[in-house]
Amino acid sequence: VGAGDVDIPACLRSLAAAGYDGYVAIEYEGKEDEAIGVPASTEYMKKVLAAL
């Protein structure tokens, strides 16, 4: 739950290296209930963004 199949850290590093400073969005298509999966995905993204 939360991390998905895409290498989000690598994608966000590439965007940052290119000078992108706009919005990013996540799309949840997990098998878990959205009430569990969406918050988990959000927390994962927050951790990844904070580490950039």
Open item on the list: Would you confirm whether or not the range 13-24 contains a residue that is touching a residue at least 24 places away in the same chain (Cβ under 8 Å), surrounded by 10 or more Cβ atoms within 10 Å (Cβ to Cβ) and outside any loop (DSSP other than H, G, I, E, B)?
Closed with: yes
Open item on the list: If I ask for residues that are loosely packed, with under 12 Cβ neighbours inside 10 Å and under 19 Å from ASP7 (Cα atoms), which ones from the range 32-42 would you list?
Closed with: none
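Bear in mind these aren't lab numbers, they're just calculated from the coordinates by the rules spelled out. Just so you know, these numbers come straight off a predicted model, no measurement behind them. We place every Cβ from the backbone using ideal geometry, glycine too, and count neighbours over all the protein chains shown.
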